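Working notes, structure below.
The values are calculated or read from the model by the stated rules, or taken from the named source; none is laboratory data. The model shown is predicted, which means the values in this text are computed figures rather than measured ones. Every residue, glycine among them, receives a Cβ derived from its backbone with ideal geometry; neighbour counts consider all protein chains shown. The accessibility values were calculated without ligands, DNA or RNA, using every heavy atom of the protein model including side chains. Shrake-Rupley method; radii C 1.70, N 1.55, O 1.52, S 1.80 Å.
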Amino acid sequence: MPRADELRKDLEELRTRFGQVADLNQIGSLLSWDQQTFMPDAAGSQRAQQSATLVGILHEKLTDPANGQLLERLEGEAERLSPLEAAEVRLARREYDRYAKLPVQLVEALSRNEAEGQQVWAAARQENDFGRFLPVLRRSVELLREKAEHLGYEHHPYDALHDEYEPGSSTAQVREVFGQLREATMRLLDRIRNSSHAADDSLLHRYWPEDLQEQFGREVAGQFGFDFQRGRLDRAVHPFAQGIGNRDVRITTRYDRNFISTALFGIFHEAGHGMYEQGLPDELQRTMAGEAASLAVHESQSRLWENLIGRSRSFWQFAWPRFSELFSESLAGAGLEEFLRAINVVTPSLIRVEADEVTYNLHIMIRFELELALLDGSLDPADLPGAWNGLYRDYLGITPETDTLGCLQDVHWSAGLLGYFPTYSLGNIMSVQLLEAHRTANPGLEDQIRAGDFSRLLAWLRSEVHTHGSVLEPRELVRSATGSELDAGPYVRYLEDKYGELYGFAPEGDNQ
Ligand code: ZN
């Protein structure tokens, strides 16, 4: 057979094989969505068996040695591949290696530790009993260190784990942008603390009828551009967004009738994730490039709609008439200014998921430092509570009184997710870089937002971010969309401008 025909045949084979992998992944996503929303409680163990079988089939399909041979042949023809084909080969290699490099015993041990770990963690957290969680943590760290050794890394074992969530990102790069962000954030926090404005968000803790919360959330998600013909909004205890193909995107939220922010900003956030999934292009479906570029890029989309748009003055100038009509009783005369200040209150707090835009990243940096230390052995797991509390004192000036409010608050470490946390902050940083690049291309953005027209913004995100799937690595994507490298500078300026206005001080360097 001529070489060109062989190459076509190999590419077709790759698409068939990895198309099935994509199908199985999406079936798994559907099972997981169902488990977190509508599955009857009693079905837990049956579902666990079904999921385990699916994972087994997926593992078998992926680690088939024929995949390795196929990839080697295609890698040998690299110069004849289109950029899309090259990306498919690179992504398939990544997925294949991730499974093939790990011994089965280690994969099983990790998955057992994850299942048991989450149960033990939930109980330990409930009872404020770090000692109960310690063996799970110790075992997690050991297994993850072993995993990093198998996957391989250049400088720090953390690189191997972090790369799984954020392809192409390294510990050194994270350290650098976090360093930039930390100093600026702490300076800003000082100025906010010293400002004469009192932080008051009591308005948000009034009674907010759940059905109206849902109605308003659905209206806004639709106005942003979330397509309910190709998606759903349901309830879940721990809200999330799940793509099951670009025509079936499910987002979830949780309603608290005594705190409007949970569902309000939760829906904006998940709709941002959901619009990304809906924007993945048809022609990449069932290919290895048909998924989101990374967790950070995903988070840049959710944070952009939740915070940069959803907590902005322009957006609320548009949304206020409808909001105050629906919630006239809850608001009882409170006006737009009071509401804007309440949703943008900055106050150091202990719980990451409830943190404001300014302090949020400090919570992430604390976890990043602790993860590095756990992994390289400089922090013994038994000493985690002390190290945690010390960093909260240094960064946020507060100390948790219990481990439940401290190092036991997040599920991640019990589920073996080390290297994941930085993606939240990287996403924040990207969100501002992207919005600034868009604003340059679309100077009328603020007027459009005040008129409730988000179409040009969404179209830009579609063409600059969503449509690429994972053809571009995250950093290339940022470069191609914004013309700059990943940079915390724009995020810092955004915070200084916004909170300078809200808290009544001029941005730094403005010596008036
Ligand atoms: Zn998110």
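Points to keep in mind about this one:
- Taking segment 152-170 as the range and being open to solvent by 30 Å² or more (accessible area, probe 1.4 Å) and either among the polar types (S, T, N, Q) or touching a helix residue (DSSP H, G or I) at 6+ places or on another chain (Cβ under 6 Å) (or both) as the test, the residues that pass are 153, 165, 168, 170.
- Those residues of segment 226-242 which are more than 13 Å from the ligand (Cβ to nearest atom), open to solvent by 20 Å² or more (accessible area, probe 1.4 Å) and modelled with pLDDT of 95 or more, in sequence order: 227, 228, 229, 230, 232, 235
- Residues in segment 121-140 that are surrounded by fewer than 21 Cβ atoms within 10 Å (Cβ to Cβ) and of a type outside the set (D, E, K, R): 122, 123, 126, 128, 131, 134, 135.
- In segment 416-425, the residue that is farthest from the chain's Cα centre (by Cα) out of those that are hydrophobic (A, V, I, L, M, F, W, C) and within 16 Å of the ligand (Cβ to nearest atom) is 417.
- Looking only at segment 147-172, residues that are closer than 18 Å to residue 476 by Cβ and in a loop (DSSP other than H, G, I, E, B) come to 5 in all.
- Residue within segment 314-322 that is open to solvent by 20 Å² or more (accessible area, probe 1.4 Å), in a helix (DSSP H, G or I) and within 16 Å of the ligand (Cβ to nearest atom) present: no
- Residue that is nearest to the ligand (Cβ to nearest atom) [pool: residues in segment 438-457 that are open to solvent by 20 Å² or more (accessible area, probe 1.4 Å) and among the aliphatic types (A, V, I, L, M)]: 441
- All of 425, 431 fail the test of being crowded, with 19+ Cβ neighbours inside 10 Å, of a type in the set (S, T, N, Q) and more than 30 Å from residue 142 (Cβ to Cβ), apart from 431.
- Flag for residue 103 being out of contact with any Ser or Thr (no Cβ under 9 Å at 6 or more places or on another chain) and open to solvent by 80 Å² or more (accessible area, probe 1.4 Å): no
- Hits in segment 53-75 (condition: within 22 Å of residue 471 (Cα to Cα) and either modelled with pLDDT of 95 or more or in contact with a Pro (Cβ under 9 Å, 6 or more places away or on another chain) (or both)): 67, 68, 70, 71, 72, 73, 74, 75
- Residues being more than 16 Å from the ligand (Cβ to nearest atom) and open to solvent by less than 10 Å² (accessible area, probe 1.4 Å) - total across segment 299-313: 0
- Residue in segment 461-496 that is least open to solvent (accessible area, probe 1.4 Å), counting only those that are more than 23 Å from residue 274 (Cα to Cα) and in a loop (DSSP other than H, G, I, E, B): 488
- Test: residue 89 is closer than 25 Å to residue 470 by Cβ, open to solvent by 80 Å² or more (accessible area, probe 1.4 Å) and part of a helix (DSSP H, G or I): no
- Count - residues of segment 243-298 that are more than 18 Å from residue 225 (Cβ to Cβ), within 14 Å of the ligand (Cβ to nearest atom) and aromatic (Phe, Trp, Tyr): 0
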